[in-house]
Amino acid sequence: MRMEALEVFKALSNESRLQILQWLKEPENHFTPHEGIDMRKIGVCVCQVTERLNMTQSTASQYLMILHRTGLLKTERIGKYTYYKRDEEKIREAIALLKREIE
């Protein structure tokens, strides 16, 4: 997936989306894990993010999907839950992209 600078800028222009990325860097410090789920390997589900953000599930889902579409998050579906985690390689690419666009 090729990153588009404008889409990355848009995704990162929201304080809550930036907060999600920060929390997911060290999920064990910010979320209560689901039983049997390694948050570092699998990620966190929408319900965990919703609770932490203290907003509606639809808004939290939308924020997660925006980050996912830009490639900054990966998803994994387990049962009825979709788990999100950072894609560190794509985040490094986004940082390089941002540097190229503004230097």
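The values are calculated or read from the model by the stated rules, or taken from the named source; none is laboratory data. Not measured: the values here are computed from a predicted model. Using ideal geometry, Cβ is built from the backbone for each residue, glycine included, and neighbour counts are taken over all protein chains shown. Surface areas here come from the heavy atoms of the whole protein model, side chains and all, with no ligands, DNA or RNA. Shrake-Rupley method; radii C 1.70, N 1.55, O 1.52, S 1.80 Å.
Table for the structure above
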quantity: Count - residues of the range 92-103 that are acidic (Asp, Glu) and either in a helix (DSSP H, G or I) or surrounded by 16 or more Cβ atoms within 10 Å (Cβ to Cβ) (or both); calculated: 2
quantity: Among (1) free of Cβ contacts under 8 Å to residues at least 40 places away in the same chain; (2) open to solvent by less than 40 Å² (accessible area, probe 1.4 Å), the one test that Glu89 misses; calculated: (2)
quantity: Wholly within the range 1-61, helices (runs of 4 or more DSSP H) carrying at least 3 residues that are open to solvent by 60 Å² or more (accessible area, probe 1.4 Å) and either modelled with pLDDT of 95 or more or of a type in the set (Val, Ile, Thr) (or both); calculated: 15-25
quantity: Some residue of the range 74-84 being in a helix (DSSP H, G or I) and not acidic (Asp, Glu); calculated: no
quantity: Residue check, Ile66 assigned to a helix (DSSP H, G or I) and of a type in the set (A, V, I, L, M, F, W, C); calculated: yes
